[in-house]
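So the structure is just underneath, and the comments pick up after that.
Please treat every number below as a calculation from the coordinates, not as lab data. As the structure is a computational prediction, the values presented were derived from the model and not from experiment. FYI the Cβ positions are ideal-geometry reconstructions off the backbone, even for glycines, and counts take in every protein chain you see.
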Amino acid sequence: MHPDTRPLPELLSFLDTLPEPHILCDRNYRIIAANTAYRAGFATGRSVIGRTCYEISHRYNLPCDQAGESCPLAKSLKSGQRERVLHLHHTPRGEEYVSIELSPIRDANGEIAWFIEKMEPMNVARGLSDHTGLVGRAPAFQHMLGLIARAAPSNASILLQGESGTGKELVANAIHAASQRAGHPFVAVDCSGLPETLFESELFGHERGAFTGATSRKPGLVEAASGGTLFLDEIGDIPLGMQVKLLRLLETGTYRRVGSTELRRADIRLISATHRPLKQMIAQGSFRQDLYYRINTFPITVPPLRERASDIPLLVESLLARVAAGRRLRVTPAALAVLVQYSYPGNVRELRNLLERASLMCDGEEIDIEHLDAELRTCSALADSSDTDGQRQRSADDTPRWDDIERRSFLQVVQAHRGSRKALAEKLGISERTLYRKLRQYQQT
């Protein structure tokens, strides 16, 4: 206990001299003071003093870390140091990604008593989240988005690492769209699909007569991407003999068409991606170490779907809007629970395929368990049949207990929803009265 947790008058005066939005919180997440910039940008027409930061920013009734997000205040209490996170905040302008920098303030006894929280809207991150398919609130996704927002405005080479199907090309395209090169081409190259004999001519182009079959001059992909972004997907599949030519391009910014002596200058921003362990390949001699350091200026890991399972309801809603061909389909809570339980070795690509198939199997407006892939239903039934020891008892008719699944899924959708109760009821395909009844029922169990 602190004998006096009231902030010093000079601390309050200092807060109002800061040009960026700032608030002062105590250890209990309660907002003690807000400066002029915060009141103008984040608290228009509402009082925030005495209310908790998570209530104002997220409309939660519990701290961020207890709601599945990263909480800078909890982290700072533990570390005793300044902490930074990227959060999606409710503002008078709607939802915005905001960079949070939180600094602990100690009292006369040297103990942490207050926190100064600085907020900076990240317009780049907002643009990225609006980009088709890039949706999510899970900490792993938010961390990735924060890195993207930092790297996008620069010209640094970016290496995207992640499993197949996680959406690395989508991320690369979004980085390009948020960069200063957005008005210029984005050229994607599938390195795994280019044989060694064609790699150089495809990348750098060739002159007429450079080799058998070269009947005309052809610009390469580097030239096609001039002024924009060159995305090398599966860069780990580039033949070793070609890696040195790519290295020369990155080191000198120049290249030659096959069959030409003319030195051309490249104007590209490079983004690479791979699912391969490049460091292990370097040790094995199948990938050049010097090339690795050239492409890996700013590494970003694209998380697998199993590390962001809480995002599945959001992804389902986003993907259905694209695969359902104009139909207003929704997924029942029981079917959504099955989707949430699955491990997705194929990641977001597999989820999209499952939803597209389910939409074709569904004649009405609701995708239910029966419309899902049989293998998916089997995996869910097996998971539902086991307890913490791996042997939960099944019911007498050997069917999974969908009431438990529905409850978990329902509460997950409620937690992810950021709109009104009326909009939530419409999203679930039920009346508001039924929604209130289910909320009382499920939150009591």
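Tabulated data
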| item | result |
| --- | --- |
| Full-extension gain in nm, Met242 to Arg437, via 0.36 nm per residue minus C-alpha separation | 63.8 nm |
| GluC sites (Glu not before Pro) restricted to DSSP loop in the range 34-124 with at most 13 other C-beta within 10 Å | Glu111 |
| In the range 170-241, trypsin sites (Lys or Arg not before Pro) in a DSSP loop with at most 15 other beta-carbon atoms within 10 Å | Arg208, Arg217 |
| Virtual paramagnetic centre 7 Å along Cα→Cβ of Ala423, amide N under 20 Å, in the range 78-99 | 87-98 |
| Cut-off 15 Å between beta-carbons: net charge of the residues surrounding Phe186, Lys and Arg +1, Asp and Glu -1 | -2 |
| Lysines with Cα under 22 Å of Lys422, excluding same-chain neighbours fewer than 8 positions away | Lys438 |
| Across Lys75/Lys118; Lys75/Lys168; Lys218/Lys245; Lys78/Lys279; Lys168/Lys218, pairs whose alpha-carbon gap is larger than 23 Å | Lys75/Lys168; Lys78/Lys279; Lys168/Lys218 |
| Taking all pairs of distinct alpha-carbon atoms in the range 128-301, Kirkwood radius in angstrom | 16.8 Å |
| Pairwise FRET efficiency - Ser226 versus Gln81, Cβ, R0 = 41 Å, nearest 0.05 | 0.40 |
| Extension gain from Gln289 to Arg30, taking 0.36 nm per residue of separation minus the Cα-Cα distance | 88.2 nm |
| Using alpha carbons only: equivalent-ellipsoid semi-axes of the range 269-383, gyration tensor based, whole Å | 37, 16, 11 |
| The range 111-119 - phi-based ³J(HN,Hα) in whole Hz, Karplus 6.51/-1.76/1.60, Gly and Pro as x | 9, 5, 10, 9, 9, 9, 10, 9, 10 |
| Fewest-first ranking of Lys118, Lys245, Lys279, using other Cβ atoms within 10 Å as the exposure measure | Lys279, Lys245, Lys118 |
| Ellipsoid equivalent to the range 9-121 - semi-axes via the Cα gyration tensor, in Å | 20, 18, 12 |
| Computed log₁₀ I(q)/I(0) - Debye formula, equal Cα scatterers, no solvent, the range 72-208, q 0.12 Å⁻¹ | -0.64 |
| Restricting the range 309-371 to GluC sites (Glu not before Pro) in coil, as DSSP defines it, with at most 14 other Cβ within 10 Å | Glu365 |
| Full-stretch length increase - Leu250, Ser164 - with 0.36 nm per residue and alpha-carbon distance subtracted | 28.4 nm |
